[in-house]
Amino acid sequence: MSHKGADYGKLKPAKECKKIEYPKPDGQLTFDLLSSVALTNTNHEGDQPAHLTLKNDKIPEERNLAIFDGPEQRFCPAGVYEYVLTEDGKSKRLQINAQNCIHCKTCDIKDPSQNINWVTPEGKNIYTFIEKNSLESK
């Protein structure tokens, strides 16, 4: 990489950046999130322990959302991190949709607060994609 230092340390505050408006998926070159996640063939057992947790529950709202406009909701390719309105509708809170996780570890690399604790999930289906591709290449 051409920059020095950790990737998460290079994130600029939202007020210093121009918002990017992405076009809707066209179904030919770009695809919707749920279809893309399904193609990874990543599965999670319903009773396994959470593999994505926060070290400090207050950091997403107090730092990441306040300063960086919640980068988790943009850097995760699987839409695992989502800011949703609180029940009173006055603020937002981070919701983790761990069932969408494709185990890319982008959150571990990009989180500006290094607050996301990513651990290897349980189960035999974690490496299906890797195993399938390594068998096909032999």
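Computed from the coordinates by the stated procedures, all read-outs in this text should not be read as laboratory data. The structure displayed is predicted, hence computed values, not measured ones. Every residue, glycine among them, receives a Cβ derived from its backbone with ideal geometry; neighbour counts consider all protein chains shown.
Couple of notes before you dig in:
- Under Karplus coefficients 6.51, -1.76 and 1.60, residue-wise ³J(HN,Hα) of segment 26-43 in Hz, glycine/proline x: 9, x, 10, 9, 10, 10, 5, 4, 4, 5, 5, 5, 4, 5, 6, 6, 8, 10
- HN-Hα J in Hz across segment 88-93 - Karplus 6.51, -1.76, 1.60, θ = phi - 60°, x for Gly and Pro: 7, x, 9, 8, 10, 9
- Summing Lys and Arg as +1 and Asp and Glu as -1 over all other residues whose Cβ lies under 9 Å from the Cβ of ASP69 gives a net charge of +3.
- Site pair LEU39 and GLU21 shows an inter-label distance of 2.6 nm when each label is modelled 7 Å from Cα along Cα→Cβ.
- Share of alpha-carbon pairs per 10 Å distance bin for segment 67-110, given as whole %: 29, 50, 19, 2
- Cross-link pairs LYS15/LYS55; LYS12/LYS92; LYS12/LYS110 - those with Cα-Cα distance over 19 Å: LYS15/LYS55; LYS12/LYS92
- Distances between placed amide hydrogens fall under 5 Å for LYS92 paired with THR86, all partners being 5 or more residues away or on another chain.
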